[in-house]
Amino acid sequence: MYNMAPATPEEQKSLEEACQKNGWLKRGGFAWQDDPYLEEYPYEFDRCFSMDDLSDFLKAGNWAIRQGVIYGDLAFIQQVDGGDEWWTLKQDGPDWVPFESLSLQAIAKEHSELVRYVAGMRIATVDECKHLDYLPINAGLTWGGNAFPYLDDGSVIARGENFLMSVEGNYLGKMLTFKGIDLIDIPEEEQEGMTLLQAINAQLKAYEAQTKEPAIPTLEQRSQEARLAAEHQGKAERASDARSNER
């Protein structure tokens, strides 16, 4: 099964309180207004410690309403019995801030994409999440790492052919690193005042723009193209002479 542990009593209590603000999850919610005696689903929250376990959990599907999983400072709570509508919240001190409702089963089938989503939400500020500005640019990269399953530890890596971005987190904070020949130098004055996610997206946007530019041919490539053009021209002229002689 999944490597998970029950939420702490504090997490359980605070998430139950947050659920009372959601019409589908609260006690006496929409699903039970016609027949309150059917309301028999408990609030069950577990903490997950790896992207593999989170992926397996989400891909399994058919989770009961009020079933939830915690990952770092994120919580995903099922809003539809047996469905795939995850109410998504980010912890802000003692409170949980709801900001999104996601269908995650299909996303979880693409490990790289799930890492990008979860890492983005973990890196983003609460305000960025509330404005749905939490997702890093894909930029055709492959995303890996554990995406910060703990509050002060974890990593995410995005790799391209000649490019690597990594964010390493520990109790001191998160350190952002870029490497590769396709690295674009963004002036420090442009980065001033950026959040971590904004700095990441600025670099990824520049990288993506560069990779889409047509490559400038090398001197050797231009010479080879000239030789091929001359050979084709010669063949065409010889064919034309042959036709003239036949006439």
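Per-structure values
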read-out: Conditions (1) outside any strand (DSSP E or B); (2) surrounded by 13 or more Cβ atoms within 10 Å (Cβ to Cβ): number failed by Gln91; value: (1)
read-out: When residues of the range 66-88 are limited to those that are free of Cβ contacts under 8 Å to residues at least 24 places away in the same chain and assigned to a loop (DSSP other than H, G, I, E, B), the one surrounded by the fewest Cβ atoms within 10 Å (Cβ to Cβ); value: Gly82
read-out: Failed condition for Glu11, given (1) closer than 16 Å to Leu151 by Cβ; (2) part of a strand (DSSP E or B); value: (2)
read-out: Residues of the range 104-153 satisfying the condition of being surrounded by fewer than 22 Cβ atoms within 10 Å (Cβ to Cβ), assigned to a strand (DSSP E or B) and not polar (S, T, N, Q); value: Gly144, Tyr150, Asp153
read-out: Test: Pro98 is in contact (Cβ under 8 Å) with a residue 60 or more places away in the chain, crowded, with 17+ Cβ neighbours inside 10 Å and in the same structural domain as Pro42 (by TED's automatic domain parsing); value: yes
read-out: Qualifying positions in the range 190-214 - more than 22 Å from Gly173 (Cα to Cα), hydrophobic (A, V, I, L, M, F, W, C) and under 19 Å from the mean Cα position of the chain (by Cα); value: Ala206
read-out: Residues of the range 68-88 classified as over 23 Å from Tyr134 (Cβ atoms) and not charged (D, E, K, R), total; value: 1
read-out: Hey, Trp63 touching a residue at least 40 places away in the same chain (Cβ under 8 Å) and not in a helix (DSSP H, G or I) or not; value: no
read-out: Search result, residues across the range 110-140 that are touching a Ser or Thr at 6+ places or on another chain (Cβ under 8 Å) and at pLDDT below 95; value: Ala139, Gly140
read-out: Selected residue [more than 18 Å from Gln198 (Cβ to Cβ) and of a type in the set (A, V, I, L, M)] from Val126, Val118; value: Val118
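One line per residue, one yes/no per condition, for (1) polar (S, T, N, Q); (2) farther than 30 Å from Gln203 by Cα; (3) in contact with a Lys or Arg (Cβ under 7 Å, 6 or more places away or on another chain):
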| site | (1), (2), (3) |
| --- | --- |
| Leu58 | no, yes, no |
| Trp63 | no, yes, no |
| Phe76 | no, no, no |
| Ile137 | no, no, yes |
| Gly145 | no, no, no |
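Yes/no per residue for (1) at pLDDT below 80; (2) part of a helix (DSSP H, G or I); (3) among the basic types (Lys, Arg):
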{"position": "Leu176", "(1), (2), (3)": "no, no, no"}
{"position": "Ile186", "(1), (2), (3)": "yes, no, no"}
{"position": "Ile200", "(1), (2), (3)": "no, yes, no"}
{"position": "Ala206", "(1), (2), (3)": "no, yes, no"}
{"position": "Gln210", "(1), (2), (3)": "no, yes, no"}
{"position": "Glu231", "(1), (2), (3)": "yes, yes, no"}
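Conditions tested, residue by residue: (1) closer than 21 Å to Leu196 by Cα; (2) touching a residue at least 60 places away in the same chain (Cβ under 8 Å); (3) in the same structural domain as Gln12 (by TED's automatic domain parsing).
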residue: Glu44; (1), (2), (3): no, no, yes
residue: Asp53; (1), (2), (3): no, no, yes
residue: Thr142; (1), (2), (3): yes, no, no
residue: Pro149; (1), (2), (3): yes, yes, no
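The values are calculated or read from the model by the stated rules, or taken from the named source; none is laboratory data. What you are looking at is a predicted structure, and each value in this text was computed from that prediction instead of being measured. Every residue, glycine among them, receives a Cβ derived from its backbone with ideal geometry; neighbour counts consider all protein chains shown.
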